[in-house]
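Below: the structure, in structure tokens.
The values are calculated or read from the model by the stated rules, or taken from the named source; none is laboratory data. These numbers come from a predicted model, not from an experiment. So basically every Cβ, Gly included, is an ideal-geometry build from the backbone, and we count neighbours across all protein chains shown. Accessible surface areas use protein heavy atoms only, side chains included; no ligands, DNA or RNA. Shrake-Rupley method; radii C 1.70, N 1.55, O 1.52, S 1.80 Å.
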Amino acid sequence: MKPYIGLLLLLITLASCRISKPYQQPEFDTGKLYRDAEGRDTTNIVSVHWNKFFGDTILTGLIAEGLSRNIDMKIALQRIDAASANFQQSKAAFLPDLNGNASIKQSKLAFPQGFGLINSSTQYDIGLSASWEADIWGKLKSTKRSALAGLLQTEVARKAVQTQLIADIANRYFTLLALDQQLQVLEQTVNNRKTDVRTMKALKAANIVNGAAEVQSEASQYAAEVAVPRLKKQIRETENALNILLARPPSAIYRSSLDEQQLLIDLKAGIPAQLLQNRPDIKQAEYAFMAAFENTNAARKLFYPSLNLTAAGGFTSFSLKDWLTPDGLFGNIAAGLAQPIFNKGLNKARLITARTVQQEAALNFQQFLLKAGEEVSNALFAYQTAKTQQEIRVKQLAALQKSVDFTKKLLRYSSATNYTDVLTSEQNLLSAQMEDIDDKLQQWQAVIALYRSLGGGSEN
């Protein structure tokens with residue numbers, strides 16, 4: 001019989017190989033994910049560690065604090081532990097089940113009323129039982145691979161949380177620096193408007209301007225002053241939002257200034273195919289597809305017979321003194337082959353559901369890739385746009401400053417203008433100064449967005 005048994009096992013092994021489908025990554029053409037980007041340079045800013053990417057040591061200190069204290073990061077670590085336990089359990093499925101039992105049973109046999117009790121017995125049992133399913137079709141292996149994909153998915157999910165956290169901390173930090181600078185400009189404007197009020201009073205006393213000009217200058221001063229507390233409120237709220245990311249209670253944030261910030265590296269996006277390895281959310285989507293793929297394999301194998309081996313042994317006796325003796329020893333072993341025939345369509349429904357989940361996971365993977373391409377394209381263009389705006393803004397600021405100086409001189413020394421012209425030129429200058437700061441902020445936000453969208457900051 002041995003040759004026949006060997007042949008049977010060989011046929012089962014070959015059939016198992018045909019049932020299981022090898023995993024393949026979902027196909028997707030990444031060649032044109034970056035709009036207007038034709039280069040093949042694989043140099044990528046993702047390789048730069050976040051503490052080297054940002055030159056501000058105060059910011060890198062805040063990021064390090066956030067990575068160790070942030071609540072979302074701690075939640076992500078807990079999910080990794082749960083997925084790890086699930087994976088360990090899937091590996092243990094290859095081992096046999098072992099159960100112990102001990103019992104005392106007392107039974108009485110009685111006749112109908114009037115005949116009395118005729119028999120009474122007590123049975124003593126103690127033993128071990130074991131069962132094991134031979135994974136002849138690879139169902140347990142597919143389940144194990146699915147659990148491994150789930151574990152890897154939680155690990156890259158943690159990296160995705162880390163990447164986003166670094167970007168959020170940096171964005172709020174640079175927002176604070178921009179608000180600080182805008183507050184400085186606004187406070188300087190208030191001082192300038194107070195000087196204008198004194199000037200208008202003197203010019204009115206000299207009959208150069210009328211009372212309307214004096215009142216307009218006062219109103220202009222108050223308009224600048226009323227914007228100060230509103231800006232301070234925005235600063236306070238941004239500080240509090242940053243503290244939440246650091247798992248701190250609301251408090252002041254020590255920081256540098258916007259003018260001190262420097263971009264230390266040349267921005268390189270690399271090639272779109274690198275997103276498959278660098279973007280944690282894309283890897284997470286792929287692992288979700290992998291888990292669904294292996295679940296489909298496992299669902300397909302439920303249609304085939306399962307081989308189970310069982311064994312039991314121990315001691316049983318109707319007498320306590322003969323319980324743990326050779327006379328009470330028993331043991332048995334059995335093997336069974338179970339083939340599903342009719343189970344109300346349960347296996348068919350499982351397979352259809354598994355295939356549907358797999359297809360959905362493949363579509364999600366494609367969606368994540370398209371979204372990543374959009375984010376990188378937007379960040380690249382936003383950075384170039386902000387640089388162009390700044391170059392133009394420098395010229396605008398110079399022209400507006402000259403306009404303010406000219407109108408003030410004309411107001412003092414000739415009747416060719418009035419205070420309305422001065423007020424208009426000052427207001428235009430203030431708006432341009434505030435927008436210039438916003439341009440700088442937008443440039444840094446684009447840098448941060450590009451670093452995050454390429455997958456930067458995902459590694460410790």
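Restricting attention to region 236-274, report how many residues are modelled with pLDDT under 80 and either open to solvent by less than 30 Å² (accessible area, probe 1.4 Å) or of a type in the set (Lys, Arg) (or both).
Going through region 236-274 one residue at a time, the tally reaches 4.
Can you find even one residue in region 230-241 that is of a type in the set (A, V, I, L, M) and touching a Ser or Thr at 6+ places or on another chain (Cβ under 6 Å)?
No, region 230-241 has no match at all.
Using beta carbons and a limit of 6 Å, which pairs, at least six apart or on different chains, have the first residue in region 369-392 and in contact (Cβ under 8 Å) with a residue 60 or more places away in the chain and the second one of a type outside the set (A, V, I, L, M, F, W, C) and surrounded by fewer than 14 Cβ atoms within 10 Å (Cβ to Cβ)?
Between residues of region 369-392 that are in contact (Cβ under 8 Å) with a residue 60 or more places away in the chain and residues that are of a type outside the set (A, V, I, L, M, F, W, C) and surrounded by fewer than 14 Cβ atoms within 10 Å (Cβ to Cβ), the close pairs are Ser377/Arg35.
Answer with yes or no whether Tyr451 is within 32 Å of the chain's Cα centre (by Cα), open to solvent by less than 60 Å² (accessible area, probe 1.4 Å), hydroxyl-bearing (Ser, Thr, Tyr) and on the phi < 0 side of the Ramachandran plot.
yes
Kindly indicate whether any position in region 360-378 is in a helix (DSSP H, G or I), more than 25 Å from the chain's Cα centre (by Cα) and crowded, with 19+ Cβ neighbours inside 10 Å.
Within region 360-378, none of the residues are in a helix (DSSP H, G or I), more than 25 Å from the chain's Cα centre (by Cα) and crowded, with 19+ Cβ neighbours inside 10 Å.
Conditions: (1) modelled with pLDDT under 90; (2) buried (at least 17 other Cβ atoms within 10 Å of the Cβ). Glu218 meets all but one. Number of the miss?
(2)
Identify, please: which residue in region 7-58 is among the β-branched types (Val, Ile, Thr) and at pLDDT below 65 and is, among those, farthest from the chain's Cα centre (by Cα)?
In this case the residue turns out to be Ile12.
Confirm whether Glu286 is modelled with pLDDT of 75 or more, open to solvent by less than 30 Å² (accessible area, probe 1.4 Å), touching a Lys or Arg at 6+ places or on another chain (Cβ under 8 Å) and closer than 30 Å to Arg350 by Cβ.
So Glu286 fails the test.
Can you tell me how many residues in region 59-89 are open to solvent by less than 20 Å² (accessible area, probe 1.4 Å) and at pLDDT below 80?
The qualifying residues number 3.
Take Ala205 and tell me if it is among the aliphatic types (A, V, I, L, M) and open to solvent by less than 60 Å² (accessible area, probe 1.4 Å).
Answer is no for this residue.
Does Gln384 satisfy the condition of being open to solvent by 80 Å² or more (accessible area, probe 1.4 Å), in a helix (DSSP H, G or I) and closer than 20 Å to Thr175 by Cα?
yes
Scan region 389-404 for residues that are surrounded by 12 or more Cβ atoms within 10 Å (Cβ to Cβ) and not hydrophobic (A, V, I, L, M, F, W, C) and jot them down.
If the condition is that a residue be surrounded by 12 or more Cβ atoms within 10 Å (Cβ to Cβ) and not hydrophobic (A, V, I, L, M, F, W, C), then Gln389, Gln390, Arg393, Gln396, Gln401, Lys402, Ser403 are the ones that fit.
Does Leu369 count as aliphatic (A, V, I, L, M), in contact with a helix residue (DSSP H, G or I) (Cβ under 7 Å, 6 or more places away or on another chain) and under 23 Å from Ser257 (Cα atoms)?
No; evaluated as a whole, the condition is false for this residue.
Looking for whichever is part of a helix (DSSP H, G or I) and either crowded, with 19+ Cβ neighbours inside 10 Å or in contact with a Cys (Cβ under 9 Å, 6 or more places away or on another chain) (or both) here; the options are Leu410, Leu430. Which one fits?
Leu430
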